[in-house]
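Asks: Got a structure for you, questions after.
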Amino acid sequence: MANSGRADGDGKSFTHVPRRLICVNPLLHRLFRWGVILKGVDGLVEIASGLVLLFATRSVLHEIVVRLTKAELIEDPHDFFANHLLHAFHGFSLSTQHFSGLYLLAHGLIKIALVIGLLRERLWAFPTAGAFLALFMCYQIFRFSQTHSFLLGMLTLFDFAILLLIWREYHQVKAATEFEE
């Protein structure tokens with residue numbers, strides 16, 4: 001819309017400004033966009049990981065795990081992460097591999113669809129993304145209560161910040177959409 005057809009007090013017409021240019025706090029808007037973009041990158045990694053788990057053989061997965069852990073185990077044979085990764089791989093059954101692959105693929109595809117909706121400012125995407133994120137946060141909090149994982153705690157705090165930014169952005173986009181109508 002180049003011109004709204006309305007006039008100000010002097011009778012002069014003024015140009016309509018798109019809602020994305022009207023931002024109460026540009027820093028929070030940028031944080032929202034970058035947080036959503038990070039979630040999108042994470043979604044792409046989940047899709048790629050899911051496809052690898054679905055289609056890679058056990059020997060290929062073993063080679064990946066060995067390459068990921070080799071340097072760390074040479075430096076420190078008791079490295080916590082490397083040893084746990086190797087141990088987890090040896091207990092990883094084919095059915096668990098396929099379930100994990102399907103889970104990551106589905107989770108990544110849903111995440112990408114929601115990221116696209118959020119970045120395109122589709123109203124449906126905001127509450128949907130918020131609901132999915134809140135559900136995953138509940139699971140993360142449950143797992144944190146059992147594992148006390150620092151990384152999981154930090155991920156949950158990051159997700160909570162993104163949830164707040166989604167809620168804030170939703171209200172801004174919704175108000176701007178109602179104003180434009």
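Asks: If you scan region 82-96, which residues turn out to be closer than 14 Å to Ala56 by Cβ and either modelled with pLDDT of 90 or more or exposed (fewer than 15 other Cβ atoms within 10 Å of the Cβ) (or both)? Steps first, answer last, please.
Replies: Initial filter on region 82-96 (closer than 14 Å to Ala56 by Cβ): 89, 92, 94, 96.
Listed by number, the residues that qualify are Leu94, Thr96.
Asks: Would it be correct to say that Ser145 is loosely packed, with under 13 Cβ neighbours inside 10 Å and of a type in the set (Gly, Ala, Ser)?
Replies: Judged against the criteria, Ser145 is a match.
Asks: Pairs needed: first member in region 159-171, free of Cβ contacts under 8 Å to residues at least 24 places away in the same chain; second member anywhere, crowded, with 17+ Cβ neighbours inside 10 Å; C-beta distance under 8 Å; at least 6 residues apart or different chains.
Replies: Sorted first by the residue in region 159-171, then by its partner, the pairs are Phe160/Met137.
Asks: Which one is nearest to the chain's Cα centre (by Cα), of the residues in region 117-157 that are in contact (Cβ under 8 Å) with a residue 12 or more places away in the chain and outside any helix (DSSP H, G or I)?
Replies: Glu121
Asks: In region 129-149, which residues are closer than 22 Å to Val41 by Cβ, out of contact with any Lys or Arg (no Cβ under 9 Å at 6 or more places or on another chain) and of a type outside the set (Gly, Ala, Ser)?
Replies: Taking region 129-149 first, the residues closer than 22 Å to Val41 by Cβ are 129-137, 139-140, 149.
Filter once more, so that each one left must be out of contact with any Lys or Arg (no Cβ under 9 Å at 6 or more places or on another chain): 130-131, 134-137, 139-140.
Within region 129-149, Leu135, Phe136, Met137, Tyr139, Gln140 meet the criteria.
Asks: From Thr69, Thr57, grab the single residue that is surrounded by 12 or more Cβ atoms within 10 Å (Cβ to Cβ) and more than 13 Å from the chain's Cα centre (by Cα).
Replies: Of the residues listed, the single one that is surrounded by 12 or more Cβ atoms within 10 Å (Cβ to Cβ) and more than 13 Å from the chain's Cα centre (by Cα) is Thr69.
Asks: Any residue at all in region 158-171 that's of a type in the set (Ser, Thr, Tyr) and either within 25 Å of Thr69 (Cβ to Cβ) or more than 12 Å from the chain's Cα centre (by Cα) (or both)?
Replies: Yes: region 158-171 contains one or more residues that are of a type in the set (Ser, Thr, Tyr) and either within 25 Å of Thr69 (Cβ to Cβ) or more than 12 Å from the chain's Cα centre (by Cα) (or both).
Asks: Looking at His87, is it more than 26 Å from the chain's Cα centre (by Cα) and either part of a helix (DSSP H, G or I) or not charged (D, E, K, R) (or both)?
Replies: Taking the combined requirement at face value, the residue satisfies it.
Asks: Quick one: in region 72-81, which of the residues that are under 30 Å from the mean Cα position of the chain (by Cα) and in a helix (DSSP H, G or I) is surrounded by the fewest Cβ atoms within 10 Å (Cβ to Cβ)?
Replies: Restricting to residues being under 30 Å from the mean Cα position of the chain (by Cα) and in a helix (DSSP H, G or I), the top hit is Phe80.
Asks: If you don't mind, there's one more thing I want to ask. Would you call Leu28 closer than 20 Å to Gly130 by Cβ and surrounded by 13 or more Cβ atoms within 10 Å (Cβ to Cβ)? Spell out the reasoning first.
Replies: Working: closer than 20 Å to Gly130 by Cβ: yes; surrounded by 13 or more Cβ atoms within 10 Å (Cβ to Cβ): yes.
The answer is yes for Leu28.
The values are calculated or read from the model by the stated rules, or taken from the named source; none is laboratory data. Just so we're clear, the structure is a prediction, and the values are computed from it rather than from any experiment. Ideal geometry is used to build each Cβ from the backbone, glycine not excepted, and the neighbour counts take in all protein chains shown.
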